[in-house]
Structure formats: structure tokens, C-alpha cells
1. Answer yes or no: is there a residue in region 174-183 that is of a type in the set (D, E, K, R), crowded, with 20+ Cβ neighbours inside 10 Å and free of Cβ contacts under 8 Å to residues at least 60 places away in the same chain.
2. Could you check region 1-93 for strands (runs of 3 or more DSSP E) lying wholly inside it with 1 or more residues that are of a type in the set (D, E) and within 30 Å of L184 (Cβ to Cβ)?
3. Whether any residue in region 187-194 is surrounded by fewer than 19 Cβ atoms within 10 Å (Cβ to Cβ), assigned to a loop (DSSP other than H, G, I, E, B) and at pLDDT below 95 is what I want to check.
4. What are the residue pairs meeting all of these: first residue in region 101-115, first residue on the phi < 0 side of the Ramachandran plot, second residue of a type in the set (D, E, K, R), Cβ atoms under 7 Å, and 6 or more apart or on different chains?
5. For region 119-161, which fully contained strands (runs of 3 or more DSSP E) count at least 2 residues that are under 25 Å from K174 (Cβ atoms)?
6. Would you pick out the residues in region 76-91 that are touching a helix residue (DSSP H, G or I) at 6+ places or on another chain (Cβ under 7 Å) and either surrounded by fewer than 17 Cβ atoms within 10 Å (Cβ to Cβ) or in contact (Cβ under 8 Å) with a residue 40 or more places away in the chain (or both)?
7. Considering each of K10, K33 in turn, give the residue that is of a type in the set (K, R), crowded, with 22+ Cβ neighbours inside 10 Å and in contact (Cβ under 8 Å) with a residue 12 or more places away in the chain.
8. From E214, E166, grab the single residue that is surrounded by fewer than 16 Cβ atoms within 10 Å (Cβ to Cβ), touching a residue at least 40 places away in the same chain (Cβ under 8 Å), outside any helix (DSSP H, G or I) and more than 19 Å from the chain's Cα centre (by Cα).
Amino acid sequence: MTYCVALRLKDGLVMLSDTRTTAGVDHISTFSKMHLFDVPKNRVIAITSAGNLAITQAVTNLLNEGIKFEGKAMTLRKVPSMFKAAQLVGAAIRQVYRTDGPQLEAQDIKFDASILLAGQIAGRELRLFQIYAAGNFIEATQDTPFLQIGEHKYGKPILDRAVSYEMDLFDAVKLALISMDSTLRSNLTVGLPLELLVYRKNSFEIAVQRRITESDKYFRMIGESWSAALREAYRAIPRPDWD
């Protein structure tokens with residue numbers, strides 16, 4: 001499993017994913033879950049994925065090489081809008097299902113894939129979508145400006161309490177890293193290195209693309225500071241007087 005989170009805010013986009021893939025307790029590997037599809041001065045589109053690695057890699061390859069869509073071959077570097085991009089990702093998932101789904105079901109293996117798609121195309125708005133295994137999708141809004149896939153339950157509470165559409169991009173980076181740190185501490189199927197992407201709206205270039213490892217001083221500080229802050233907050237809350 002994995003954990004991926006994306007925040008579409010007033011000033012831009014923050015995406016964060018881990019890289020751990022597990023196939024049983026004795027088979028743990030590192031694979032990138034974040035893929036970038038950019039065209040200078042025209043578009044920045046990124047996806048992160050969770051679920052069966054063979055399925056999500058097949059989907060990513062189709063999005064790179066092209067899939068028949070609305071009568072012609074199409075990739076994420078050619079779609080005219082982010083809505084069409086979300087439809088294209090859904091079509092790629094369904095094509096992989098048609099190819100591999102029956103064989104997976106015969107082996108009693110669930111067709112498990114979910115993708116976060118985010119980005120901006122010149123002349124269009126910045127958008128963020130979550131695409132499901134059936135190929136359908138939802139979109140982030142100002143009221144709910146973040147989406148998560150994979151092992152999200154440990155990192156969701158901090159986001160629910162603190163995320164706002166108006167927040168600064170690098171405050172959002174800090175929040176996403178706290179969310180990831182909480183997940184790393186509670187779930188062994190999520191692990192370092194992490195992959196971070198920051199995009200400023202209307203820039204059509206990546207502001208930050210960073211691989212975060214165990215030696216990253218800022219991420220270590222995040223974990224230590226958040227643990228200390230939680231302990232202090234716990235001690236500061238009065239005990240119940242029920243006795």
C-alpha cells in the first residue's frame with residue numbers, strides 16, 4: 001500500500017507521496033508513485049497512484065504512450081483540458097481492466113487502483129481529481145481542497161483540522177509532511193523516501209520537486225517537533241473531574 005495526498009489551494013498545488021510497495025512481509029520494495037507530464041510554458045500535470053503496482057504502472061505507461069480516446073490517440077501531454085485529462089485517466093484504467101481484470105479475478109486478486117491527477121493547462125484553471133478503479137472521478141473544491149489515496153486514515157485528522165483553501169503553499173507543505181509523518185509512524189506499509197511536488201498557479205513550471213530521505217534534516221525536525229507539540233498539548237489539557 002502507499003499514501004498520497006494532494007492539496008489544490010488558492011496559490012497553487014502541493015503533492016506528496018511515499019514510495020513503499022509491499023507484497024507480503026518479506027517483499028518490500030521502493031517504487032516511485034509520482035509521475036510528471038509537463039510541456040514547457042503549456043502545461044504541468046502530475047499523477048500519484050496507489051493500489052496494485054502492476055495495474056498502476058500499466059495505466060501510467062498508457063498515459064505516456066497514448067490511448068485511443070474520442071477517436072484518436074491521446075496522451076496527458078496532448079489533452080485540451082484537465083477534465084479531459086481525468087476522463088483519459090479513467091479510460092486508461094478501464095482499458096487495463098479489460099486486458100487484465102478477468103485474469104486477476106481468476107486468481108482471486110482484486111482490481112485495485114486509485115490515482116490523484118492534478119495540474120494546469122495554459123488558458124485553463126488549476127484542478128485536482130481523484131480517479132477510482134472504475135474510471136469515475138471526483139474533483140477537489142474550495143470547501144474540500146485536499147484529496148488522499150492509499151493509507152490515508154492516519155494522516156487525515158490533521159488535514160481536516162488545519163487545511164484551508166487560502167493557506168500559503170509552504171504552510172501546506174509543512175502540513176502535508178506532518179500528515180505523512182503521522183502515517184509513517186502508524187503504518188508499516190508506508191515508507192521513505194518521499195516525493196514532493198510544489199507548483200505555483202499560472203507559472204507552468206515546477207517550483208519544488210524534492211525526494212525526501214531519512215537524512216533530510218527538515219523532515220526529521222517535522223517528526224520531532226510534531227511529537228513534542230502533541231505531548232505538550234496533551235499535558236496542557238485538564239484531566240477529567242469524573243472521580
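1. Taking region 174-183 and keeping what is of a type in the set (D, E, K, R), we get 174, 181.
From the residues that got through so far, the ones that are crowded, with 20+ Cβ neighbours inside 10 Å too are 181.
Checking the rest, the ones that are also free of Cβ contacts under 8 Å to residues at least 60 places away in the same chain come to 181.
Looking through region 174-183, at least one residue is of a type in the set (D, E, K, R), crowded, with 20+ Cβ neighbours inside 10 Å and free of Cβ contacts under 8 Å to residues at least 60 places away in the same chain.
2. Here the list reads 34-39.
3. yes
4. none
5. Numbers: elements: 127-131, 137-139, 146-150.
It comes to 127-131, 146-150.
6. V79, V89
7. On the way: K10 fails: crowded, with 22+ Cβ neighbours inside 10 Å.
It is K33.
8. Values: E214 fails: touching a residue at least 40 places away in the same chain (Cβ under 8 Å).
On inspection, the qualifying residue turns out to be E166.
The values are calculated or read from the model by the stated rules, or taken from the named source; none is laboratory data. As the structure is a prediction and not an experimental result, all values here were calculated from the model. Reconstructed Cβ throughout: ideal geometry from the backbone, glycine too, with neighbour counts over all protein chains shown.
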